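Novice: My questions will all concern the structure given below.
The values are calculated or read from the model by the stated rules, or taken from the named source; none is laboratory data. None of these values were measured; they are calculated from a predicted model. Note that each Cβ is placed from the backbone with ideal geometry, even for glycine, and that neighbours are counted across all protein chains shown. What goes into the accessible areas is simple: the full protein's heavy atoms, side chains included, and nothing from ligands, DNA or RNA. Shrake-Rupley method; radii C 1.70, N 1.55, O 1.52, S 1.80 Å.
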Amino acid sequence: MARNGNAADLAKRVLAGDAAAASRALSLIIDEAAGADALIRSFFASSGRSQKIGICGPPGAGKSTLTGRLISQFRKAGLKVGVLAVDPSSPISGGAFLGDRLRIQEHATDSGVFIRSIATRGMVGGVSHSIFGAIHVLEAFGCAKIIVETVGTGQDEVVIAKVADTVVYVTTPQMGDEIQAMKAGVMEVGDVFVVNKADLSGKDKAIGDLRSALNLGRAAGQEAKPWETPVTATTATTGEGVAELAAILDSHWAYLAGAGEGRRRLMEQHREELSLYLSRRIYQDALQKIGIRELEALVEHRTDPASLGARLLAK
Ligand SMILES: Nc1nc2c(ncn2[C@@H]2O[C@H](COP(=O)(O)OP(=O)(O)OP(=O)(O)O)[C@@H](O)[C@H]2O)c(=O)[nH]1
Ligand SMILES: [Mg+2]
């Protein structure tokens, strides 16, 4: 798609709730195709109005199954839902493995649900740079809730906290030791902790361990925090506890709106998006300046990468 006219037409259709247009816009933005910037310009006015819910936690904890149940819950409330499943890239195709997509396939025919896998394309920490653009499409498309599921790598919690308004950390009773060893970082960024697979033994201990770990995080005598991090239990395979979880997510959204914390987080998200955009642009521009002449100068030691790099950036 070359001409901006088409980008404007496409943007208008997305804003009017056209799912095919939203799918096309997402592909253009994820592939950084011509017109992608024009689309983001058209959609940005809608940013900040949808609750972005980041779902993270170790592999196999039940994140995708839980996402499927949460979608049903939000649909019951008449809300339009967007889901971005951040999947590791296949080293071969560079595309997503789509594993997670399969788990939420049951919603594929529901026009009020928009599901898309995004490959990480080598981005560290499970989140790709196009995630922000993808979120803007879903905001403009009218999704009240946007669920971002990450790939369950050890470090995605901290990154997802830069993208999401509400971070949900999913663990299971089987991950008792892991709860003990849970990094301070996780305890800080998690807004809601879920012990999923509550049908398995050890649920109460896991909840207790998490609560004491959270309390440990709070220094003795320290004031109660404006948002007391809840620990809740679910059985995603049956849907048990999911209505309670959805209610907790709604109350966190209300808290963010009321406390001004929402605005602070939005600023952090915009800072992250801008810095990703800038580093990508500078990187792409710089790459275009590296030609044979530059490489020969390096091979013949007539310059060095640091001096040449600085010169190319300054150019
Ligand atoms: N017993 C039990 N099994 C569950 C529950 N929730 C999910 N599972 C099962 O756990 C396995 C993993 O579930 P997923 O939803 O794919 O887990 P995930 O966290 O998305 O996994 P990754 O995306 O690979 O990180 C599947 O076989 C599910 O059926 C639950 O509440 N109880
Ligand atoms: Mg999954």
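Novice: 5 Å is the cut-off here: which amide hydrogens, built 1.01 Å from N in the peptide plane, fall below it relative to Ala119, excluding neighbours closer than 5 in sequence?
Specialist: Asp87, Ala96
Novice: Taking just the alpha-carbon atoms of segment 1-46, what radius of gyration and Dmax come out, in angstrom?
Specialist: 9.2, 24
Novice: Tell me, what ³J(HN,Hα) does each residue in segment 267-272 have, in order and in whole Hz, if you take phi through Karplus 6.51 cos²θ - 1.76 cosθ + 1.60 with θ = phi - 60° and put x for Gly and Pro?
Specialist: 4, 4, 4, 5, 4, 4
Novice: Rounded, prolate or oblate: pick one for segment 274-314, where a ≥ b ≥ c are the square roots of the eigenvalues of its C-alpha gyration tensor, a/c under 1.5 means rounded, and failing that, prolate if a/b is larger than b/c, else oblate.
Specialist: Here segment 274-314 falls in the prolate category.
Novice: What do you reckon, how do Asp31, Asp250 stack up by accessible area (1.4 Å probe), largest on top?
Specialist: Accessible-area ranking of Asp31, Asp250, largest first: Asp31, Asp250.
Novice: Please list 284-291, 73-80 highest first by mean number of surrounding beta-carbon atoms within 10 Å per residue.
Specialist: Numbers: 284-291: 10.8, 73-80: 15.8.
Output ranking for 284-291, 73-80: 73-80, 284-291.
Novice: Follow-up. Of the heavy-atom accessible surface of segment 1-46 (probe 1.4 angstrom), what whole percent is carbon and sulfur?
Specialist: Details: 1220 of 2290 Å².
Of the solvent-accessible surface of segment 1-46, carbon and sulfur hold 53 percent.
Novice: Using a Cα-Cα cut-off of under 26 Å, which lysines could be cross-linked to Lys289, ignoring same-chain neighbours fewer than 8 residues away?
Specialist: Lys315
Novice: While we're on this one: Within a Cβ distance under 14 Å of Arg302, other residues only, what is the Lys/Arg minus Asp/Glu net charge?
Specialist: Values: positive: Arg293, Arg311; negative: Glu294, Glu296, Glu300, Asp304.
After counting each charged neighbour, the total is -2.
Novice: Something else: Before I look further, what does segment 1-46 give for accessible area per residue, probe 1.4 Å, in whole square angstrom?
Specialist: 50
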